Every structure is written in C-alpha cells, then in structure tokens.
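All of the numbers you see were taken from the coordinates with simple rules; none came from a lab. Source: prediction; values computed, not measured. Cβ atoms come from the backbone with ideal geometry, glycine included; neighbour counts cover every protein chain shown.
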Amino acid sequence: MRLRAALRAAFGEVPVFGGSAAGAIGRSGFGYSGFELGLVAFLDSAVTPRAVVTRQLLADEQAAGRELGTGAAQMAGDGDVVMLFFDSVATVSPLRLHPASSIVDGFHAGFGPRPVCLLGGGLLTDMNLAGGWVFDGDDVVKHAAIALVFPPSVQAETVIMHGCRPVSTFMEITRIDGAEVYELDGRPALTVIERMLGLPLGGSRGHELTLTATLGEKQGDPFAPYDENSYVNRLILRANPETGSVTLFEQDFARGTRVQIMSRDNSLMLESVRRGVDEMNRVMSGTQPLLGLYIDCAGRGSARSGAPVEEAELVQRGLHASVPLLGFYSGVEIAPFAGGLSRPLDWTGVLTVLRRRS
C-alpha cells in the first residue's frame, strides 16, 4: 500500500497495473533482493493498453480466466496482443498456487476461436513463493488477475528460452490427481524420478521446492531429434515421501500423458538465451521497437539455479540498445507455443519485444 501511495504521489491519479515480482530486470541493473522496482509509462494513446480485471481467482480460476477472456474479446481484434498477469500464490500454508493452466484455458474459452497473442506471467513476492499481489489499476489486491489489451497498432515478437534435457525414456502417467503425480508406468513417481537422477528431490523431508528436475511433455513427433523448443516442462513444486508422489506447478497433465524426466542444464540454459537474444535482434532489425519485456522463471536466477552467470544479464547486455527493457522474475511464464495457442511454461525465459505494426 505504501508503494501504491508513493506512485500516486509521484504520478498523480493514473491507473497502475502490475504487481509483485521475485525480482526486476532493466537496462541499468537487475536483482532479486526485494528492493527492486520496474516501471513503464504509456503516454501515447495509440500504444496504450486497456485493462480487464478480475478478483475471482480464489473462487474459481477457470471462471476468472473466462471472465478476462470475455472482456478482452470485446476490446481486441484478431491477433492483437494481450498481456496477462496474476497472483500466483493462492495459500501459503499449505502452499497452493493459482494454476496458470486453468486461468489460460478459461481465457481462451472466454475469448473464443479468434487468434490472440497472449503473453504474461505469474506474480510472486520472492523466490520462496511466500506470496503475491496485484496492482489492479486502483488498489493492491490478492487473488486477482489483469489482462492488458493492446491496440492493433502494437505487434509482438517473442522468443522462448529453455534449459532442460531429457534423461529418461518416455513414461506414462498412470495415476494423477490434479497437479499431484502418484505413478509413472505403474510405479511410485517419486521413486522412479529419484532412481533415474540418483539423488533425492527437495530437502530431507522431501516437501521443499526442488529445481533439480522437471517432467517434460514432448510436442509433435515423439521420435523426432531432440529440440528444446518441442517440450512443455513442469517444475516439481514438492515431493511427498509418504505418498511417493510429486506435485507439479501446473495441473494440465492427465492420466495417459507421456512424459520424460528432464534434467536442468545450466550450460544449455545460457546458450539458449544467447541464441534467443541473437534471434530477437535479427527479427527486430529495421523495425520500430517500443518495449522489450523479459518474463523470467524465478528459478533461473543464479541464486537458485547455481548458474555461473545471471542469464538475465545476457538479455540485458545482448538485446540491442535501441530496445527499452523491463523484466521480472516470475512464477509461471505464458507465451504462444509451437505456433499454436498460448500455454503456461515452466523453467523458461520469455523475451517479447513490442513494436509498432508496419
């Protein structure tokens, strides 16, 4: 509330949309100490988004997403850019997240069959998933989500950076309840994963957040050569030794889903960022960039990943200097995937550059 009051004192009675983040990234610096603040001001009405807000996440995430999609559909044309931000943490004790998959599925249902460029991320207060909150234009609120609908004059270019490799053959989820995976190929999921990795997940009790591995679902031809861009990965929120289960960040996998155990690879992550930034610079050459937005999984910060360098710094230094840059460390990243509908993504960095449509 004090931050909102300070923004009001500095800028007057203008709407403020956004919220908390585990850290911020900008042209002059980045960090996740808890004292970072990133701001973007829209002054030109030709590129200023309009907002749809819901405060109904706690009651029903999918219905809340549908409310946003229905509202956005009344403002957006075919293929317009929509930014979606939401409070990631439903409850702290016990820890439960607002599933991005339910929100995004609801959004698409409400928006309808027309094409839309949906981007965004989940908001956190820190890397320990201790909370989250949203600026909804007027107030600071919990269990809320916002959709910022950009005018047709704005177009988005997006690249997705990954950082995981498969370390198992394909396995079938044979027992699952929501986001909690109990069995892989008929065996306790936790036992299967730990045996494959040769180490325990989480801390001594197994209930702590682990960033050792993910479960990945390969899209398209399962026998095609490895391509990091073919995988939707799901971080493991916690492991439960008592039930032999693992709980994923999302609940969009189902019984019968074929997955692979994916090991994080810091060298692949950094190389993926370098390639992604180079590709963005190539695509944006000769255009009129408005804003670069980097939505970065909080676990990719070196304090969590153990990477020798901050991969966000590679974006900061590598993205062409003509592109203003704002980024934040997120709980979940949302972006168009494999040329299809937008999906929630884990352990990714999503780099988007908004530009004037040519």
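Rounded to the nearest 20, the size of the Cβ-charge dipole of region 266-327 about its Cα centre is 40 debye, with Lys and Arg at +1 and Asp and Glu at -1. You can think of it this way: the chain between THR191 and GLU271 has 25.7 nm of extra reach, that is 0.36 nm per residue less the Cα-Cα gap.
For the chain, set up a GNM with springs between Cα atoms under 10 Å and report which of GLU194, GLU311, GLU217 has the largest fluctuation. So, out of GLU194, GLU311, GLU217, the one fluctuating most is GLU194.
Of the residues SER322, SER330, SER272, the one that moves most in a GNM of the chain with alpha-carbon contacts below 10 Å is SER322. Sites count as exposed loop sites when they are chymotrypsin sites (Phe, Trp or Tyr not before Pro), lie in a DSSP loop, and have at most 16 other Cβ atoms within 10 angstrom; the longest stretch of the chain without one is 227-358.
With the charge dipole of the chain set up from +1 on Lys and Arg Cβ and -1 on Asp and Glu Cβ about the Cα centre, the Cα lying farthest toward the positive end among the listed residues HIS98, GLY299, VAL273 is that of VAL273.
Once the piece of chain linking ALA130 and ASP78 is laid out straight, how much longer is it, given 0.36 nm per residue of separation minus the C-alpha distance between them?
So the chain would gain 15.0 nm between ALA130 and ASP78.
Is the C-alpha gyration tensor of region 89-211 telling us rounded, prolate or oblate? Criteria: a/c under 1.5 is rounded; beyond that, a/b larger than b/c is prolate, otherwise oblate. Here region 89-211 falls in the prolate category.
Assign unit charges at the C-beta atoms only (+1 for Lys and Arg, -1 for Asp and Glu), then state the dipole size of region 214-299 relative to its Cα centre in Debye, rounded to the nearest 20.
Result for region 214-299 is approximately 100 debye, rounded to the nearest 20.
Spin-label model, GLN288/THR169: points 7 Å from Cα along the beta carbon direction are separated by 5.7 nm. Annotation for ARG2 and GLU279: the two label points, set 7 Å from Cα along the Cα-Cβ direction, are 4.3 nm apart.
Once you put a point 7 Å from the Cα of ASP138 and another 7 Å from the Cα of HIS320, both along the Cβ direction, what distance in nm separates them? Reported label-point gap for ASP138 and HIS320 is 4.2 nm. To the nearest 0.05, how large is the calculated FRET efficiency for VAL47 and PHE11 if R₀ is 22 Å and r is the Cβ-Cβ distance? For VAL47 and PHE11, the calculated efficiency is 0.80. Counted residue by residue at 0.36 nm each, then reduced by the alpha carbon distance between them, the extension gain from ALA224 to ASP60 reaches 55.2 nm. Using C-alpha pairs below 8 Å separated by at least 6 residues, the relative contact order for region 222-336 is 23 percent. Largest GNM mean-square fluctuation among GLU313, GLU13, GLU183, using the chain with Cα springs under 10 Å: GLU13. For percent of Cα pairs over 29 Å apart, the choices are [x] 57; [y] 51; [z] 37; which was calculated from the structure? This structure yields the entry labelled [z].
For region 19-169, just say rounded, prolate or oblate: build the C-alpha gyration tensor, square-root its eigenvalues into a ≥ b ≥ c, call rounded for a/c under 1.5, and beyond that prolate if a/b exceeds b/c, oblate if not. Could you put the intermediate results ahead of the total?
Values: a/c = 1.30, a/b = 1.18, b/c = 1.10.
Note, shape of region 19-169 comes out rounded.
Computed from point charges on the beta carbon alone (+1 for Lys and Arg, -1 for Asp and Glu), the dipole magnitude for the chain about its Cα centre is near 340 Debye.
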